[in-house]
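Enquirer: This is the structure I have questions about; it appears just below.
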Amino acid sequence: MRKPYLSIIIPAYNASSTLGRLLVSLQDSSFKNFEVIIGDDASNEQYLVGKGITIVRLTRNRGPAAARNAAVKRAKGNVLVFLDADVTVYPDTLNKIAEKFQEDHDLTAITGVWDKHQHTKSFFPQFKALRDWSYWTNERDRDGYYYLFSTRVAAIRRDVFGRLGGFNEAFRQMEDVELTYRIAKRYAIIFAPDVRVHHEFEGFAAVAKKYFWRSFYWTKLYGVRRKFDPVATTISETATAVTGVGAIGVIGAGTIVYFMFPFALVRHVTLLTAALFLLFHLFLLRKFLWFSYREKGAGFMLKAFGTGLILYVIILLGALYYRIRKS
């Protein structure tokens, strides 16, 4: 039996509703020289998988970082391909990954992207798909020499991953960002926009919870590094969040001022401050708003704008919660 070139690493926790679709899509891949290793993070269910698929079971729930690390220990391939259990690959996804590493022996790590299409007609999953697609394709820092090692679809040479010590298991969220920083100290992470997977996004509540905790852990990372990055939270993205929340805060305060203080000057200053926050926020969001308008129309764009404001509040609450916990 020949040695696999790619080792597909999939963390899974109670993922039976999505894992089967991923495994079927892998079977349909045009590239065949790969193995599949599932890191089962102490799920409450059993996975029925096909022949040739390895399952490494953790005895207790320790998070996706630990599940991936455990699976990697069984890997034999030259290149590790990380996929989340809730995506599906296209027939050429693995072939494109393999070609890139085979053609460029200096290539260390790549990250792909999930497409912008959703099967559901619900607003929020469509919003999230367009927001992520715009962030990766329209709004990225083109001068940044590395990209987020996004484990929804990313690949790295196995020997490099081993030298780096794998994922930091202390992070149950943002483990991909923490690993990105360590990779980027010595290597570039290349963005491969033709390496795509499909992902059906969850509803608002589930995504909002993830945003809160990702913000919590990113704030922890920032406390160590003391700098922004071209990856997870750029200065521009931070300013977008702050101006959006600032606009909401000033408008709320302005409403109180309007009814409590009869002075015209106070009212005018409050309204002007809110307008400045809002205009700056709109300027920073202009690429996404224009993109969503072209994709879905004016109504969708306006709803996306409001939804984004709410998510920015949740993101800042996550950061604030870390500061409170630390103090």
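Bear in mind these aren't lab numbers, they're just calculated from the coordinates by the rules spelled out. Since we're looking at a predicted model, the values are computed, not measured. Here the Cβ positions follow ideal geometry from the backbone for every residue, glycine too, while neighbour counts run over all protein chains shown.
Enquirer: Run the dipole for the chain about the Cα centre, Lys and Arg Cβ at +1, Asp and Glu Cβ at -1, nothing else charged, and hand back the magnitude in debye, nearest 20. Could the numbers behind the result be given before it?
Expert: On the way: 45 positive and 28 negative charges, 145 e Å.
For the chain, the charge dipole is close to 700 debye.
Enquirer: To continue, here is another question. If amide H atoms are built 1.01 Å from N in the plane of the peptide, which residues on other chains or at least 5 residues away come under 5 Å of the amide H of Ala42?
Expert: Amide H neighbours of Ala42, under 5 Å, 5+ apart: Leu58.
Enquirer: Now for a different question. Based on the Cα gyration tensor of the range 6-201, what are the three equivalent ellipsoid semi-axes, each the root of five times an eigenvalue, rounded to whole Å and given largest first? Write down the numbers at each step before the final one.
Expert: Details: eigenvalues 103, 89, 61 Å².
Gyration-tensor ellipsoid for the range 6-201: 23, 21, 17 Å.
Enquirer: Tell me the label-point distance for the pair Glu169, Lys227, using the 7 Å Cα-to-Cβ offset, in nm and rounded to one decimal.
Expert: Distance between label points: 3.1 nm.
Enquirer: Consider a paramagnetic label point 7 Å from the Cα of Asn14 along Cα→Cβ; state which residues of the range 40-59 have an amide N under 16 Å from it.
Expert: Under cut-off, by backbone N: 40-47.
Enquirer: In the range 6-201, what is the count of Lys pairs whose alpha carbons are under 27 Å apart, counting only pairs at least 8 residues apart or on separate chains?
Expert: 21
Enquirer: So, R0 is 41 Å and r is the distance between the beta-carbons of Thr59 and Asp106; what FRET efficiency does that work out to, to 0.05? Walk me through the intermediate numbers first.
Expert: Numbers: r = 40 Å, r/R0 = 0.97.
Rounded to the nearest 0.05, the efficiency is 0.55.
Enquirer: Sequence neighbours fewer than 8 away in the same chain don't count; with that in mind, list the aspartates and glutamates whose C-alpha is under 16 Å from Lys3.
Expert: Cross-link targets: Glu35, Asp159.
Enquirer: Out of residues 5 or more away from Val197 or on other chains, whose amide H comes under 5 Å of its own, with H placed 1.01 Å from N in the peptide plane?
Expert: Answer set, sorted by chain and number: Val113, Trp114, Asp115.
Enquirer: Additional query: Which value results when the Cα radius of gyration for the chain is divided by 2.2 N^0.38 Å? Present the calculation step by step, with values, prior to reporting the outcome.
Expert: Numbers: Rg = 21.7 Å, N = 327, 2.2 N^0.38 = 19.9 Å.
Here the answer is 1.09, to two decimals.
Enquirer: Let me spell out the model: positive unit charges on the Cβ of Lys and Arg, negative unit charges on the Cβ of Asp and Glu, origin at the Cα centre of the range 6-201. What dipole size does that give, in debye rounded to 20? Walk me through the intermediate numbers first.
Expert: Working: 27 positive and 24 negative charges, 88 e Å.
In total the dipole reaches around 420 debye.
Enquirer: Shifting gears a bit: Would the range 235-326 count as rounded, prolate or oblate if I go by the C-alpha gyration tensor, calling it rounded below 1.5 in a/c and otherwise prolate when a/b exceeds b/c, oblate otherwise?
Expert: oblate
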